[in-house]
Amino acid sequence: MTQHRSGVGPVLATWTALALCCALPAAASAEALPEALAKAYQTNPQLNAERARQRATDENVPQALAGYRPQIVASLSAGLQSVRNLLPDNTIQTANLKPWVIGVTVTQTLFNGFRTANNVRAAELQVQSGREALRNVGQGVLLDAVTAYTNVLANQSLVEAQRSNVAFLRETLAVTQRRLNAGDVTPTDTAQAEARLNRGLADLNAAEVALAVSQATYAQVIGNPPSQLRAAEVVDRYLPKSREDAMTMAIRQHPAVMAAGFDVDVASTNIRVAEGALLPSASVQGSASKSRNNDPTLGTFAEDQASIVASVTAPIYDGGQAASQTRQAKEVSAQSRLVLDQVRNQARTAAVSAWVANEGAKIAVSASESEVKAATVALQGVQREAAGGQRTTVDVLNSQADLIQAKARLIGALRDRVIASYTLLSAVGHLDVKTLSLNTPDYLPDVHYQQVRDAWHGLRTPSGQ
């Protein structure tokens, strides 16, 4: 792990030199990367929408548990009835009746081919799968926040570098014009300096446009516009020590892999649910009713009934529906296993790619730092030689172009270095609030699950909606 930590200091130092040069005077408004990640974790709409989806998935469990509970139905019927009777002696009898019936029925399932138990098991597994999917979305949101943060930081640094380049080119053009007036250079030198200045202005405009776009993306992901950003730190201390460790962690701990594993269990359980339709079922039903009828031709005006009935039914033939559903569930189960293998392969590949990219980013930063140092020394030497008449104006302009390109590559390498470290952490499934020790409460989906799992009634959600 010492090997990983050794690169943190130089990266932060270089970020400080390149990025904080554009810092605003008010230090109190500075925002570090962990603070931005905490805001994104709290307010990101995509993540909050996924949390709501998971809370909806939690409700599948009490819905499945309802199969164990009695079903109670109350009924009431009343009406107005006009009767006209012709009697044997040819007399007519009429009456206006107001019959009514009130009753209650209680039905309790005793056995339904274990379908209730398997439905509960499937619902619980769906909750587990949903939690892993939620964790995966959380990783994606945090990685998006890292990318948005470092893009703003890099583009701010690039704008400052381009502004310094424009200032240098303006000064070079002014010096060249003075030398032209003195007869030391030709109009060609002035035209070359002017052309490079216009190119520098175009590059500055492109950098400012990229900064504005990255700032808008930052506000979308984090939830507020960027203010003064501090240097971003890599997370090598949380990363695996080797490529093999990264692959092992990815195929065992990545939330996408774990979610696919739970999906396999759900599909296997649904096979037993489908097979339950082929088994007998038993239930008991109790009912009570009271009716009134004021028809004078009837022998009774009131009737009270109460009954309890047990029933057992066994399917003999349903047209092949249950058998087809069982075969279908088996094919879905086979599909889910293949998907699990696919997700594991994708996680393994992503871990290897992230590991290689992170290691390559370290080399790129070191090489870019050396390039900037060498280009700076070269520019200073060319300027001294040009002052002595040993170099031309275009030599100075070319040396300055080499330096600004080297700075741009260093800025990009520093950005990629931070993103690569967080990408690797995400690839092994550990990009979360707990690992990063962010100053924000961790969202615990089990809290809502326990609140609704055994709820027998109630229309309001635990949040009061």
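State whether one or more residues within segment 412-430 are under 30 Å from T172 (Cβ atoms) and hydrophobic (A, V, I, L, M, F, W, C). Yes, that holds for at least one residue.
Looking at A36, A95, A30, just one residue is closer than 30 Å to N358 by Cβ, out of contact with any Phe, Trp or Tyr (no Cβ under 9 Å at 6 or more places or on another chain) and either at pLDDT 95 or above or open to solvent by less than 70 Å² (accessible area, probe 1.4 Å) (or both), and that residue is A30. Residues in segment 416-449 that are over 15 Å from the mean Cα position of the chain (by Cα), part of a loop (DSSP other than H, G, I, E, B) and within 20 Å of A148 (Cβ to Cβ): L438, N439, T440.
In summary, V377 fulfils each of the numbered conditions (1) surrounded by fewer than 17 Cβ atoms within 10 Å (Cβ to Cβ); (2) touching a Leu at 6+ places or on another chain (Cβ under 9 Å) with the single exception of condition (2). Just so you know, in segment 249-280 the residues that are modelled with pLDDT of 95 or more and of a type in the set (S, T, N, Q) include one that is least open to solvent (accessible area, probe 1.4 Å), and it is T269. So in segment 411-465, with the set limited to residues that are aliphatic (A, V, I, L, M) and open to solvent by 50 Å² or more (accessible area, probe 1.4 Å), which one is modelled with the lowest pLDDT? Checked segment 411-465; the qualifying residue modelled with the lowest pLDDT is L459. Flag: T326 does not match the condition of being in contact with a Pro (Cβ under 7 Å, 6 or more places away or on another chain) and without any contact (Cβ under 8 Å) to a residue 60 or more places away in the chain. In segment 344-368, which residues are of a type in the set (S, T, N, Q), surrounded by fewer than 19 Cβ atoms within 10 Å (Cβ to Cβ) and over 26 Å from A260 (Cα atoms)? S366 - this is the single residue of segment 344-368 that is of a type in the set (S, T, N, Q), surrounded by fewer than 19 Cβ atoms within 10 Å (Cβ to Cβ) and over 26 Å from A260 (Cα atoms).
Picking from residues in segment 67-92 that are β-branched (V, I, T) and open to solvent by 70 Å² or more (accessible area, probe 1.4 Å), the one that is nearest to H457 (Cα to Cα) is I72.
Answer yes if at least one residue in segment 338-356 is more than 30 Å from Q253 (Cβ to Cβ) and not small (G, A, S), and no otherwise. No, there is no match, as no residue in segment 338-356 is more than 30 Å from Q253 (Cβ to Cβ) and not small (G, A, S).
Between T14, T57, the distinction of being surrounded by 17 or more Cβ atoms within 10 Å (Cβ to Cβ), part of a helix (DSSP H, G or I) and at pLDDT 95 or above belongs to T57 only.
Which of the residues belonging to segment 423-436 are touching a helix residue (DSSP H, G or I) at 6+ places or on another chain (Cβ under 8 Å) and either more than 16 Å from Q128 (Cβ to Cβ) or among the acidic types (D, E) (or both)? Correct list: T423, L424, L425, S426, A427, V428, H430, L431, D432, V433, T435, L436.
Count of segment 184-211 residues, restricted to those that are of a type in the set (S, T, Y), touching a helix residue (DSSP H, G or I) at 6+ places or on another chain (Cβ under 8 Å) and surrounded by fewer than 16 Cβ atoms within 10 Å (Cβ to Cβ), is 1.
The values are calculated or read from the model by the stated rules, or taken from the named source; none is laboratory data. Since we're looking at a predicted model, the values are computed, not measured. Here Cβ is always computed from backbone atoms with ideal geometry, including for glycine, and neighbour counts include all displayed protein chains. Side chains are part of the model used for accessible areas, which takes the heavy atoms of the whole protein and leaves out ligands, DNA and RNA. Shrake-Rupley method; radii C 1.70, N 1.55, O 1.52, S 1.80 Å.
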